Amino acid sequence: MSRVQGRFLQGSTMGHVLRMTLSGTAGISFLFIVDAANLFWISSLGETRLVAAMGFAFALQYFSISFGIGLMIATTALVSRAIGQGRRGEAREIAASSLVISALLQSFVAFVMVVYRHELVAMVGAEGETAALTSRYLLMTLPSLPIMAVGMIGGATLRAEGDAFRAMLTTMGPGALALIFDPILIFILDLGLDGAALAFWLSRIAMAVIAMSFVIKTHNLLARPSIRHVKKTVRPFAKIAGPTILTQLATPFGSFLLTTVIAGFGDSAVAAWAVINRLTVLAFGGIFSLSGAVGGIFGQNFGAGKIDRLYMIYRDGLIFCLVYPVLIWGLLVGLNDIIVDLFGVDKDAEKILWAFTHIGAAAFTLTGMSFVAMAAFNNLGSPIYSSMINWVREGVASLPLALWFAALYGASGVIYAQATVAVFIGLPTTLWGLRFVMKVVPPNIPCDPSKAEKS
């Protein structure tokens with residue numbers, strides 16, 4: 001049953017933050033359990049270059065995924081704001097137009113990356129047979145980006161509505177499918193990296209189908225797409241999506257730079273880096289989910305003019321970041337040896353994994369807090385602030401520190417550099433976000449539930 005009034009406008013803000021974040025965490029974590037299992041099956045084939053190829057591919061795919069996340073954040077901000085204002089018909093139009101715009105943009109991104117895949121693979125540091133395997137994997141997976149966009153925008157619309165459970169199912173359903181087909185395609189049918197790519201397609205198609213089913217049949221939150229609606233949406237969408245995409249692209253750019261540093265230490269180090277990338281999202285799915293979860297809560301309350309609740313949402317997000325990452329850090333320290341044995345890495349890679357579980361993971365408290373601040377900037381009218389912060393962190397600070405620490409401590413120095421940057425960028429960002437939220441001005445169009453549009 002759809003609601004005219006947004007469900008985030010009443011009740012405990014901490015309750016909303018926990019419900020949306022933990023359900024999102026379950027979805028993201030499950031999806032990356034599947035990705036980690038994918039990597040496990042590839043590593044079981046006993047060829048380091050296959051694992052390294054997935055590490056290089058991840059660094060490049062991160063760009064396209066981050067581009068999609070930027071589009072998703074813009075959708076959540078606009079749709080949740082319209083729902084908060086009681087303008088449900090407009091929310092349906094925005095959702096449909098965002099879907100069209102996002103699918104077209106991701107098609108363009110896929111085309112460019114496929115055409116220049118060999119050059120991109122060379123830039124990231126892959127060589128020889130590893131480079132050839134990486135290029136092949138990208139060729140097989142990148143064309144699925146428009147389908148991924150449909151699933152991501154559908155999930156964003158569900159989060160804007162406040163449907164935490166079904167938003168979670170949009171990732172858990174495809175993950176379950178991939179979990180079944182990964183070992184069959186990779187190991188049993190002996191398709192190797194090609195099998196992993198095919199499982200990728202199945203997962204993204206399932207995500208799009210499930211998300212659209214919930215958006216259309218359950219909530220009736222998707223209008224029939226039209227050129228008129230797209231034209232009407234493009235400008236406000238671009239106003240948020242442009243800076244937000246820049247914000248999101250900073251992270252894969254930083255990962256790209258760090259991967260080139262890691263690549264200088266050989267395939268063993270890149271294999272460890274591939275494992276760490278999966279562990280990061282799997283272990284800290286709650287932190288990555290938090291930024292998206294609070295976005296819809298910020299948006300509805302901002303749209304409704306409930307400015308006093310914005311500080312409460314920000315505060316509750318920070319409290320979450322004080323508890324969750326510390327628990328995960330302790331868990332990673334305790335599981336370090338098991339992780340090493342599970343992925344069968346060598347002694348050099350083991351040192352890098354130790355640096356992540358014992359040092360790098362500790363910095364995620366401040367990383368999470370900075371994500372809460374950037375969610376506030378994105379959804380309360382100043383997404384350019386998020387772009388500035390992320391590019392200073394990923395594009396300016398990360399590489400010099402990584403090169404310096406790598407010269408001192410080897411490949412593990414890259415992990416130490418990441419932790420250092422998280423601390424020195426995260427603290428001022430958190431304080432800036434708090435000051436920003438305390439001074440937010442209500443939107444121009446006040447909420448009037450009596451005049452709300454019926455779905």
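Tell me the label-point distance for the pair Trp432, Leu104, using the 7 Å Cα-to-Cβ offset, in nm and rounded to one decimal.
Label-label distance for Trp432 and Leu104, simple model: 3.3 nm.
Any idea which of Leu104, Leu401, Thr171 is furthest toward the positive side of the dipole for the range 11-442, if Lys and Arg beta-carbons carry +1 and Asp and Glu beta-carbons -1?
Farthest towards the positive end: Leu104.
Which angle between 0 and 90 degrees, to the nearest 10, do you get for helix 88-115 versus the longest principal axis of the chain when only C-alpha atoms count?
20
Based on the mean of other Cβ atoms within 10 Å per residue, sort peptides 324-334, 304-314, 285-295 so the most packed one is first.
Ranking, from highest mean packing down: 285-295, 304-314, 324-334.
Estimate the FRET efficiency between Leu408 and Glu127 by the formula 1/(1 + (r/R0)^6), using the beta-carbon distance for r and 22 Å for R0, to the nearest 0.05.
The value I calculate is 0.30.
HN-Hα J couplings of the range 302-319 from phi, Karplus 6.51/-1.76/1.60, θ = phi - 60°, integer Hz, Gly and Pro as x?
5, x, 7, x, 8, 5, 5, 7, 5, 4, 5, 5, 4, 4, 5, x, 5, 4
Where nothing but the Cβ of Lys and Arg (+1) and of Asp and Glu (-1) is charged, how large is the charge dipole of the chain around its Cα centre, in debye to the nearest 20?
Computed about the Cα centre, the dipole is about 2320 debye.
If I fit a long axis through the Cα atoms of helix 48-84 and take the longest principal axis of the Cα atoms of the chain, what angle between them do I get, 0 to 90°, rounded to 10?
10
Where does each of 349-356, 102-109 land if you order them by average Cβ count within 10 Å, highest first?
349-356, 102-109
Roughly how many nanometres apart are two label points built 7 Å out from the Cα toward the Cβ at Phe165 and Asn220?
Using points 7 Å along Cα→Cβ, the separation is 2.0 nm.
With N denoting the number of residues in the range 11-442, provide Rg(C-alpha) divided by 2.2 N^0.38 Å, to two decimal places.
Compactness ratio reported: 0.93.
Report the label-to-label distance for Leu322 and Ile184 in nanometres (one decimal), using points 7 Å from each Cα along the Cα→Cβ vector.
The two pseudo-label positions are separated by 4.8 nm.
Pairs on different chains or at least eight residues apart, Cα atoms closer than 28 Å: how many lysine pairs in the chain fit?
Counting lysine pairs in the chain gives 17.
Go ahead and estimate [θ] at 222 nm for the chain from helices alone: -39,500 (n - 2.57) per DSSP H run with n ≥ 4, summed, over the residue count, rounded to 500.
-27500 deg cm²/dmol
Using +1 on the beta carbon of Lys and Arg, -1 on that of Asp and Glu, and nothing else charged, what's the dipole of the range 81-175 about the Cα centre, debye to 20?
380
Placing +1 on the Cβ of each Lys and Arg and -1 on the Cβ of each Asp and Glu in the range 11-442, which of Leu120, Ser226, Thr259 has its Cα farthest towards the positive end of the resulting dipole?
Of the listed residues, the answer is Ser226.
Give me, ordered by chain and number, the residues 5 or more places off Gly125 or on other chains with an amide H under 5 Å from its own placed amide H.
Here nothing satisfies the definition.
If the chain between Asp341 and Ser213 were fully stretched, how many nm would it gain, using 0.36 nm times the residue separation less the Cα-Cα distance?
Result: 42.0 nm gained on full extension.
With unit charges on the beta carbon (Lys/Arg positive, Asp/Glu negative), name the residue among Met140, Ile153, Leu380 whose Cα is farthest towards the positive pole of the charge dipole of the chain.
Result: Leu380, furthest along the dipole toward the positive end.
Quick one: which of 428-437, 370-379 comes out on top by average Cβ neighbours within 10 Å, and what's the full order, highest first?
Put in order of decreasing packing, that is 370-379, 428-437.
Calculate one ³J(HN,Hα) per residue across the range 159-173 by plugging θ = phi - 60° into the Karplus curve 6.51 cos²θ - 1.76 cosθ + 1.60, and present them in order as whole Hz with x for glycine and proline.
Here the 3J(HN,Hα) series is 5, 5, 6, x, 8, 5, 5, 6, 4, 5, 5, 5, 9, 6, x Hz.
Taking loop as defined by DSSP and a crowding limit of 16 other beta carbons within 10 Å, which GluC sites (Glu not before Pro) in the range 127-217 fit?
Sites meeting the loop and neighbour criteria: Glu127.
Between the alpha-carbon centers of the range 305-332 and the range 59-135, tell me the distance in whole angstrom.
What the calculation gives is 27 Å, centre to centre.
If you line up the long axis of helix 412-438 against the longest principal axis of the chain, both from Cα atoms, how many degrees apart are they, to the nearest 10?
10
Throughout, read-outs are computed from the coordinates displayed, never taken from laboratory work. All values derive from a computational prediction rather than experimental measurement. Cβ: placed from backbone, ideal geometry, glycine included. Neighbour counts: every protein chain shown.
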